[in-house]
Amino acid sequence: MFYLLFLFKLVFLFLFFWKGKLINLSKRYEREVNACQRSVLKLITEKDGSPASPMVLCVCEIHVVPQTSVPANDLVKHILVVTDGWYAIRARIDHHLDELVTSGKIRVGMKLRICNAELAGLEEACSPLELPASALLQLCFNGTRRAAWDAKMGRCPSSTRRPVALGQIRAGGGQVSYIDVVVLRQFPQEVEERCPDGHWVVRSFDEEMDLQRRLAVSDDLSKV
């Protein structure tokens, strides 16, 4: 009797699992084909969306790069595979992000808020299911931050961008997506002029305009 109940439970779970899979696939086809609601990675690989736009992706795989296939001066030791929940693509990271992967601060299952990414190795538009091995999404440290565990994956509105603190910016870490600063002091406009003897003369904007007027008057008088 126990084995019959166990077998019945396995059959029920098998049928329920595949039924749910078929329902999900039909809903996905309805949204992607009929409703034209493509995912962010599909828009990027098909050249209909910019990879620099803000988006949330999840790290689904981390691969170690063989040392024989990279240059000796290349400090990057890992390649990520990121997904938007629909499709996946390999992602190349800079050495700052590679340090976070090595220390375990970036791991499988973590969501990343990405901005200013670049698509490399893909000249023509292509389906995300037919990407060549050379296709990579290049991520930079200054444009990548950890996202909340419940953050919705996919494209993010520009209004959801979070400012990056100046202390969190790394040299060589790529472009910075957003900085929020406060103007503490405003200096007047100045003009620098290098004299024939080599030294520099600094004047305010008003002094420079006054000097230009006097030079113009002297030129006019010399022509008379």
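Bear in mind these aren't lab numbers, they're just calculated from the coordinates by the rules spelled out. Small disclaimer: the values here were computed from a predicted structure and weren't measured. Cβ atoms come from the backbone with ideal geometry, glycine included; neighbour counts cover every protein chain shown.
Rounded to a whole number, what is D in µm²/s for region 40-168 from Stokes-Einstein with the Kirkwood radius over alpha-carbon pairs (20 °C, 1.002 mPa s)?
The diffusion coefficient I find is 143 µm²/s.
What Rg and what Dmax come out for region 148-195 when only alpha-carbon atoms are used, in angstroms?
That works out to 18.2, 62 Å for Rg and Dmax.
For region 116-200, taking Cα atoms only, what is the radius of gyration to one decimal and the Dmax to the nearest whole Å?
Answer for region 116-200, Rg first and Dmax second: 21.3, 67 Å.
With labels modelled as points extended 7 Å from the Cα through the Cβ direction, what inter-label distance (nm, one decimal) is found for E192 paired with V65?
If labels sit at E192 and V65, their model points lie 3.9 nm apart.
Trypsin sites (Lys or Arg not before Pro), restricted to region 78-122: which are DSSP loop and have at most 15 other Cβ atoms within 10 Å?
Answer by residue number: K105, R107.
Determine the gain in length on full extension of the stretch W149-M209; use 0.36 nm per residue of separation and subtract their C-alpha separation, reporting nm with one decimal.
15.8 nm
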